[in-house]
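Below: one structure, written as structure tokens.
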Amino acid sequence: MSSPDTYTVRCLSSDDEVIALLDHLEVVFGREGVPRGLFSDHYHRDVDTLDKLRNSFVAVTEDGQIVSSMRIYDRRIKLQTGSDAPIAAIGDVATHPNHLRRGLARRVIESGERHVLVQGTAALAILHTGSAKPLYEKLGYVCIPMRMGTILVPSITVPPSFVDGNEVVDFNDPDHVALMVRLHDRQAPPGSFKRSERYWKEWVASESSDTRLDVRRVLFRGRMDAREVGGYAFVDVAPTRKEMPTPARLHEFFAGYVDTCEELGPEETLGAMLHLVRTAFVVPFTDHSVEVAFPLALLPGLRSVAAFEEWEDLGWMFKFIADRSDVKGGHLRSLGDLRNALGDRYGFLKTDAF
């Protein structure tokens, strides 16, 4: 058994080591069915992180084998004031099964946090976890639950009267892209990430290599009150699951008036969402109901127009890694500040999963 002193924790030193990092992630997560392509996508399409090598931390053995890892994704999180703040998104935390319980995850995470502190790039860190929650709590991370909803979409739904037609999203169509970007910029809730033009092209528009997902991207246009309306949805139709009703996950959804991008009313918004979810299932056609899960922040007026199941995602955790005003985003100085900035109902978009 190796002692702690036989491991070296450092950032990646060259592009050649990226392949070794992906090999390591495949070994750790492949046992859970997570494909290597997901991690390759995340690394190579991460256009917002300027120095990906220095933002990737690993623990290596004396012979140079990577046995633990973490990556920092440079992002900006939207706040309910309409502003945004830089945030260090922590991902790809993984330790080889033969090297567990030696404090390696703690060491690579703390090294990454020190790097962010020295660079002064963010005061906040965010991550999502399941079984590793006790580890992150020991490291000072605090859970801020994200409110979620699940609603049943009937097998037969009548399109809302304001819908004129549907289309599969075409990222080569400038009109499609312009509608989605404007709706997202105007309506994306606190807790979501701000997107650059390059991010839309490289991260959002690219097809995922995660074979566990089947994300259908659909768009509608129509008219209401003599004004043009439109909306779009990215829906994961969960091809690997066979439950009844069919489970689905709404990665993102926005609908509004095209000229101003202001939201539709609660009933119209719900009608547009249900219609787009059913549209996403047209090929292949399903003749039974769909149970779709979504962040409640995407349908803020839902309680007034429909019955649904409400629950909490307890995996979202945050930490202040720099209580200094000279660090970017340093105006948020406490957990209370962050809770107030996010509001009661924040929402992370699955499209931006890191």
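The values are calculated or read from the model by the stated rules, or taken from the named source; none is laboratory data. Predicted, not measured: the structure shown is a model, and the values here were computed from it. FYI the Cβ positions are ideal-geometry reconstructions off the backbone, even for glycines, and counts take in every protein chain you see. Accessible surface areas use protein heavy atoms only, side chains included; no ligands, DNA or RNA. Shrake-Rupley method; radii C 1.70, N 1.55, O 1.52, S 1.80 Å.
Is any helix in the chain, taking whole DSSP H runs, at least 15 angstrom long along its axis by alpha carbon and on average at least -0.5 on the Kyte-Doolittle scale, and which ones?
Values: long enough: 16-30 (21 Å, 1.03); 104-119 (23 Å, -0.12); 174-187 (19 Å, -0.56); 266-280 (21 Å, 0.20).
Helices meeting the criterion: 16-30, 104-119, 266-280.
Would you mind getting the accessible area per residue of the chain, heavy atoms of the protein chains only, 1.4 Å probe, in Å²?
Here the residues of the chain average 45 Å² of exposed surface.
Regarding region 82-160, what is the average projected area of its C-alpha convex hull, in nm²?
9.8
What FRET efficiency comes out for the pair Arg31/Asp214, r = Cβ-Cβ distance, R0 = 22 Å, nearest 0.05?
According to the calculation, E is roughly 0.50.
As an exercise, use a Förster radius of 51 Å and the Cβ-Cβ distance of Leu135 and Ser289 to find the FRET efficiency, rounded to the nearest 0.05.
Numbers: r = 39 Å, r/R0 = 0.76.
Efficiency computed from Cβ-Cβ geometry: 0.85.
On full extension of the chain, what length is gained from Asp225 through Arg333, given 0.36 nm per residue of separation minus the C-alpha to C-alpha distance?
So the extension gain works out to 34.4 nm.
At a 1.4 Å probe radius, carbon and sulfur cover how many percent of the accessible area of the chain? Before the final figure, lay out the partial values.
Details: 8030 of 16080 Å².
Heavy-atom surface of the chain belonging to carbon and sulfur, 1.4 Å probe: 50 percent.
What number do you get for the chain when its Cα radius of gyration is normalised by 2.2 N^0.38 Å, N = residues?
Relative to the rule-of-thumb radius for its length, the chain sits at 1.04.
Between Val258 and residues 5 or more places away or on another chain, which pairs have amide H atoms under 5 Å apart, with H built 1.01 Å from N, and which residues are they?
Residues meeting the amide H criterion: Glu228, Val229, Gly230.
Please list the equivalent ellipsoid semi-axes of region 14-68, computed as the square roots of five times the alpha-carbon gyration tensor eigenvalues, in descending order and whole angstrom.
18, 17, 8
Which entries of Lys78/Lys138; Lys52/Lys138; Lys78/Lys350 have Cα-Cα distances beyond 23 Å here?
Among Lys78/Lys138; Lys52/Lys138; Lys78/Lys350, the Cα-Cα distance tops 23 Å for Lys78/Lys138; Lys52/Lys138.
Normalising by the residue count of region 139-257, find the relative contact order in percent from Cα pairs under 8 Å and 6+ residues apart.
25
Measuring from label point to label point, each 7 Å out along Cα→Cβ, what is the Arg114 to Thr6 span in nm?
Roughly 2.3 nm, to one decimal.
When all C-alpha to C-alpha distances in region 132-232 are sorted into bins of 5 Å, what percent of pairs does each bin hold, rounded to whole numbers?
Answer for region 132-232: a P(r) of 2, 8, 13, 16, 17, 18, 12, 6, 4, 3, 1, 0 percent.
With labels modelled as points extended 7 Å from the Cα through the Cβ direction, what inter-label distance (nm, one decimal) is found for Gln65 paired with Ser196?
The two pseudo-label positions are separated by 3.8 nm.
Could you work out the relative contact order of the chain, using alpha carbon pairs under 8 angstrom and six or more residues apart, expressed as a whole percent?
Relative contact order comes out at 23 percent.
Full-extension gain between Val181 and Ser13, please, as 0.36 nm times their residue separation minus the C-alpha to C-alpha distance.
Taking Val181 through Ser13 to full extension adds about 56.9 nm, to one decimal.
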